[in-house]
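Following: one structure in C-alpha cells, then a few remarks.
The values are calculated or read from the model by the stated rules, or taken from the named source; none is laboratory data. All of these numbers come straight from a predicted model, not from anything done at the bench. Glycine also receives a Cβ, built like all others from the backbone with ideal geometry; neighbour counts cover every protein chain displayed.
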Amino acid sequence: MKARTIVLYTDHADPVARRAAQAGAELLHLDELLPMVRAGNWPAVLDFEPSAAMREQFIGARVVNRVFSLANTRMDGFLRESGIDARWLHIRLQSLLESAASVCHDTGVRGVSRTLMPLNVQWFELKRVLADIQTPDFVYSIGYEAPDLRGLVDPLQKSVWSLFDWKQERNLLPEEKRRHQFFVSRPQGVPLVSYFCGGSADGIFFPRGEAVPIDLQRVHAINQAARRAFRSETGELLLFAEGGQLRFHAFSPYLLSVADEPAMVEMLGRWLAADDSSARSDDARHALVH
Amino acid sequence: MNAQLKPLEADVARPACLMEITRTGARMDAVMEGIMWARLRRMRTRLQEALGNAEHGVIARSIHAIYEALPADRQARVLLSSEFCESYMALDAARKQRPEAGADAMAWDAESARNLCAIHDLVQREKALLDLASGSTSRYLLESRDWVVDSPVGDQLARKDVQGRWTLETPPMLGDCVAVDLHSKVARHHEPRSGVLSQPCLALDEAEQAVVLDKLSRALAGIDRAEPLYGLVIRNFVRRIVVRKSEESTPDVARRFGSEHVPRQPGSLRLLNIHHPELSVEACMESIMHESTHNFLAAWELANGFFVANDYQHRVVSPWSGNPIPNSSYIHAVFVYYVCHRLLKSHLAVADNIDAAARAHVHRRLAVCAAGFLIEQDLSSRLMSTQPLNADIGTMMDDMQADMKREYGYGRQQ
C-alpha cells in the first residue's frame, strides 16, 4: 500500500515543499502547529497537544522533516517570547514523528541533527561510512590561540557552519574570526554539485559551466554514503574534481544550488510521489550529467 | 559476606565506577577514596619517573632531596597540586615529542628544562612554607624577588614586608579546605586558550571580594543542603578556586560570566565575574558543581588513563551549549549536566527560602540540562573518535540519556 507522504516545513521557498503538492504529498507548515503548543512550567517546559486527527495522519506516514531553521516563523516568535529554547520544539516534535513509518532528516537543532552538522563533523561522519573519501585539510585552533597554518595550502578561514563559500568566506561572524579559528586548504580543481533522491536517483552539475569527466559510480557511492551519514533521503554535495579524484567538501539538505535544475525538479517530483522512502524502483534510476 | 562491607567494594579502575556520582549511593565514599589514593600513587610514580631520567641531572637530585625532606602530608600536597600535574605533563610531552636533533630538539630541551625548574620551584616553595611555619626563613625566601610566595595547592602563602620579614598567611578558604584565589600569579595569569583567563584581569575591590566570598560560601551551603555527597565531591577534588574579575560590562552577556576547568590543572577551577550582583547564588552553585564534576572525572583519568586521546581537531557539537568541543570535554559534559540537573532538582525540593526569580532561574537551567539528553541520537554515537573506547564509556553516556528520557517521557505522547 502506498504510504502517505507528509512534508513538514518552515520555509515557503523550500524546494521540497514547493514540489510536494504537485507530487501528491501533504504539506504541513510548522506554524499550523502553533495552536497546539503552549508554554508550560518545568518540567513540561513546552506543552504540545496535537489533535487526534493529526496524530492519526502521522501514523504509518512517510515524513519529510524540513524543520531546519525556525527563521521567519511565528513559532520562532512564540518560543522567543516564552523564553523557551528551540531544542524543546524538536523534543516535542519527536512525539509526533515517532509514529511515522519513516522520517527523512534527523530532528534537532543545528549541530544536534545529523543532517545539520558543521564542516569538520561532516568530514568525519562521511569517512565513517566511506573510509577512502578525500576531505579538505584543516586546522582548528583553541580559544584565542593563533592557528598553525604551515600544513595548509593557500589557507582560507571559514566558518565551520558555512557550507558553500569556498572562494571567499562571507559568513564568518566576528567572534569566529578571532576565537576557535577554523582554516582549510583552499579547494583545488573543478567544483561540481552532486544531488540525490533516495537510493538510486543521482545527478551532477557543474556550477561554473566547466565540465570534466566524472566517474558516475563513484558519485553514486558518495551520495549514498552521505544519505546514510546525514540521515537524508535527499540532499546535495559540493565536490571538487582533482585529476581523477573527487574531494568531498560539504553536504546540504537545503538543495539551494540545484533547486531550479529541471532534472532535480523532476527527480524530486518522482521521489515525493514514490511509494516508500527508499524509492528503489528501477524506473527511478537516474544518472544525469548536465 | 558481611553486607556492611559492601560499600567499600568498588572497582575504581573501571570507568563504570564513575556512575556513582549520578546515583550518590552508598559506594560513593569508597569510589572517592579509591580515586584519590590511585591518583596520589600515580603522581608519585610520575615524580619518580621524572627524577629517574639521567638527563635531568643536578636539578632532579635537588628535587629529590627537598621532596624527601618533606613530611608525608606535605609530599601529598605537592603531588596533588595542579601545578605539579601541569609541569609533569608538559615535561612528559617534551620528552615524547623531542626529535633526535635540530632546532626543534633544542626547543623541546628548553621546554623540559623550564618544566623541571618549575617542579624544583614548587617543592622549594612547599619546603620554605614548612620551614617558615616552624620559625625558620629559608634561603629560598631570603633570595626571592617576589613579595608573595604561595604553596603549590594555593592554601598557604608567605608575604614579605618592607623590612624583608616573611610571615605566613592563609588565603580565604571555602568549606575549610578549598582556597579562594583572588590575587596569586595563577589568578592573574593571561592564557589565550582560556575562556576565563584570556579576559583582561581587573583588581577586585574589598567590597567585591566580600561579595565573592559570601556568594561562594552560600553556594556551597546550598550544595551541602541539596546533596551532601556533592559537597564532599567539591571538598575532596577541588583545592583552589581562581576568581577573575574582567571588564565591567560587555554587550555579550554570554561572555560576562563563565567558569572552566582545564584537564592539566586537576584540583583547580576558574570563575569569571561572579562578583556581579546579577549572578545569583543558584548560578554560582551550578558553576561550582559543573567544574567540580570535571575535577572528579579528571582525577579518575589521571589515575587510570584518559577516556579518549587528546584531539582538538575533532570536536563534537555539544547538545547543551551548541559549541564544538573536544571528545574528552563532551564525555565530561554528559556527567556534568546530569549531575547539575540532579543538584538543581534537589535544591528546589529542599530549599525553603528560594524566591520566585531564583526558582525561575533554576527551572530554566533544569530545562537546559535536560534538553541535551532529549535528542533523537544516542549520545555515545556522536563521539568522533578514531580509536576504540572503553565500552563502559558509551554505556554510561547512553544510560544517563535513557534515564533522563524516562524522567521526561521523551517521545511519548503527552
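Report yes if A:GLU125 is in contact (Cβ under 8 Å) with a residue 40 or more places away in the chain, outside the structural domain of A:SER257 (by TED's automatic domain parsing) and either in a strand (DSSP E or B) or of a type in the set (Asp, Glu) (or both), otherwise no. Step through it out loud before you land on a result.
Numbers: in contact (Cβ under 8 Å) with a residue 40 or more places away in the chain: yes; outside the structural domain of A:SER257 (by TED's automatic domain parsing): yes; either in a strand (DSSP E or B) or of a type in the set (Asp, Glu) (or both): yes.
So A:GLU125 passes the test.
Between A:VAL64, A:VAL112, A:VAL121, the distinction of being of a type in the set (A, V, I, L, M, F, W, C), surrounded by 19 or more Cβ atoms within 10 Å (Cβ to Cβ), under 15 Å from A:VAL7 (Cα atoms) and within 15 Å of the chain's Cα centre (by Cα) belongs to A:VAL64 only. From the list B:LEU343, B:LEU366, the one residue that fits, being away from every other protein chain (no Cβ under 11 Å), under 25 Å from B:ALA221 (Cβ atoms) and crowded, with 19+ Cβ neighbours inside 10 Å, is B:LEU343. Of all the listed residues (A:LEU34, A:LEU8, A:LEU46), the sole one being touching a helix residue (DSSP H, G or I) at 6+ places or on another chain (Cβ under 9 Å), crowded, with 19+ Cβ neighbours inside 10 Å, more than 15 Å from A:PRO253 (Cβ to Cβ) and hydrophobic (A, V, I, L, M, F, W, C) is A:LEU46.
Of the residues contained in region A:256-277, none is found to be charged (D, E, K, R) and in contact with a Leu (Cβ under 7 Å, 6 or more places away or on another chain). Considered as a group, the residues in region A:208-244 that are in a strand (DSSP E or B) and under 18 Å from A:GLN122 (Cβ atoms) include one that is nearest to the chain's Cα centre (by Cα), and that residue is A:GLY235. Among the residues of region A:194-207, at least one is among the hydrophobic types (A, V, I, L, M, F, W, C), part of a loop (DSSP other than H, G, I, E, B), surrounded by fewer than 19 Cβ atoms within 10 Å (Cβ to Cβ) and in contact (Cβ under 8 Å) with a residue 12 or more places away in the chain.
Going by what's in this entry, would A:ALA250 be described as in contact (Cβ under 8 Å) with a residue 24 or more places away in the chain, under 17 Å from the mean Cα position of the chain (by Cα) and in a strand (DSSP E or B)?
Values: in contact (Cβ under 8 Å) with a residue 24 or more places away in the chain: yes; under 17 Å from the mean Cα position of the chain (by Cα): yes; in a strand (DSSP E or B): yes.
Taking the combined requirement at face value, the residue satisfies it.
Scanning region A:150-161 for residues that are within 14 Å of chain B (Cβ to nearest Cβ) and either buried (at least 16 other Cβ atoms within 10 Å of the Cβ) or of a type outside the set (Lys, Arg) (or both) returns A:GLY151, A:LEU152, A:LYS158, A:SER159, A:VAL160, A:TRP161.
The helices (runs of 4 or more DSSP H) found entirely in region B:19-134 that carry 3 or more residues being among the aliphatic types (A, V, I, L, M) and under 25 Å from the mean Cα position of the chain (by Cα) are B:28-52, B:72-79, B:82-97, B:103-133. Just so you know, in region B:253-293 the residues that are small (Gly, Ala, Ser) and over 15 Å from B:ALA179 (Cβ atoms) include one that is surrounded by the fewest Cβ atoms within 10 Å (Cβ to Cβ), and it is B:ALA254. B:GLY305 fulfils the conditions (1) surrounded by fewer than 18 Cβ atoms within 10 Å (Cβ to Cβ); (2) under 17 Å from the mean Cα position of the chain (by Cα); (3) touching a residue at least 40 places away in the same chain (Cβ under 8 Å) except for a single criterion, (3).
The residue that is nearest to the other protein chains (Cβ to nearest Cβ), among those in region A:162-183 that are of a type in the set (A, V, I, L, M, F, W, C) and part of a loop (DSSP other than H, G, I, E, B), is A:LEU173.
Yes or no, residue by residue, for (1) assigned to a loop (DSSP other than H, G, I, E, B); (2) more than 14 Å from chain A (Cβ to nearest Cβ); (3) basic (Lys, Arg):
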site	(1), (2), (3)
B:ASP155	yes, yes, no
B:ARG159	no, yes, yes
B:GLY164	yes, yes, no
B:LEU168	no, yes, no
B:PRO171	yes, yes, no
B:ASP176	yes, yes, no
B:HIS183	yes, yes, no
B:ALA187	no, yes, no
B:GLY195	yes, no, no
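Looking for something without any contact (Cβ under 8 Å) to a residue 60 or more places away in the chain and not in a helix (DSSP H, G or I) - is there at least one such residue anywhere in region B:213-229? No: zero hits. So which residues in region A:1-17 are modelled with pLDDT of 95 or more and more than 15 Å from A:LEU97 (Cα to Cα), if there are any at all? Hits for region A:1-17 are A:THR10, A:ASP11, A:HIS12, A:ALA13, A:ASP14, A:PRO15, A:VAL16, A:ALA17. For region A:128-161, a tally of residues being basic (Lys, Arg) and not in a loop (DSSP other than H, G, I, E, B) returns 1.
Yes/no matrix, rows are residues, columns are (1) closer than 30 Å to B:PHE306 by Cα; (2) in contact (Cβ under 8 Å) with a residue 40 or more places away in the chain; (3) surrounded by 13 or more Cβ atoms within 10 Å (Cβ to Cβ):
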site: B:ALA94; (1), (2), (3): yes, no, yes
site: B:GLY102; (1), (2), (3): no, no, no
site: B:ILE119; (1), (2), (3): yes, yes, yes
site: B:LYS127; (1), (2), (3): no, yes, yes
site: B:LEU130; (1), (2), (3): no, yes, yes
site: B:SER136; (1), (2), (3): no, no, no
site: B:ASP146; (1), (2), (3): no, no, no
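Step by step: first the residues of region A:162-185, then only those that are among the charged types (D, E, K, R) and within 24 Å of A:PHE230 (Cα to Cα), then the one that is surrounded by the most Cβ atoms within 10 Å (Cβ to Cβ). Which residue is that? The residue in question is A:GLU169. On inspection, A:VAL103 fails the criterion of being buried (at least 19 other Cβ atoms within 10 Å of the Cβ) and either among the acidic types (Asp, Glu) or assigned to a loop (DSSP other than H, G, I, E, B) (or both). Restricting attention to region A:73-95, the residues being away from every other protein chain (no Cβ under 11 Å) and within 15 Å of A:LEU33 (Cα to Cα) number 7. The requirement of being modelled with pLDDT under 95, part of a loop (DSSP other than H, G, I, E, B), within 26 Å of the chain's Cα centre (by Cα) and of a type in the set (Ser, Thr, Tyr) is fulfilled somewhere in region B:381-399, by at least one residue. Of all residues in region A:129-145, those satisfying the criterion of being more than 9 Å from chain B (Cβ to nearest Cβ) and touching a residue at least 40 places away in the same chain (Cβ under 8 Å) are A:VAL129, A:LEU130, A:ILE133, A:GLN134, A:THR135, A:PRO136, A:ASP137.
Among the residues of region B:377-393, those that are out of contact with any helix residue (DSSP H, G or I) (no Cβ under 6 Å at 6 or more places or on another chain) and either within 11 Å of chain A (Cβ to nearest Cβ) or on the phi > 0 side of the Ramachandran plot (or both) comprise B:GLN377, B:SER381, B:ARG382, B:THR386.
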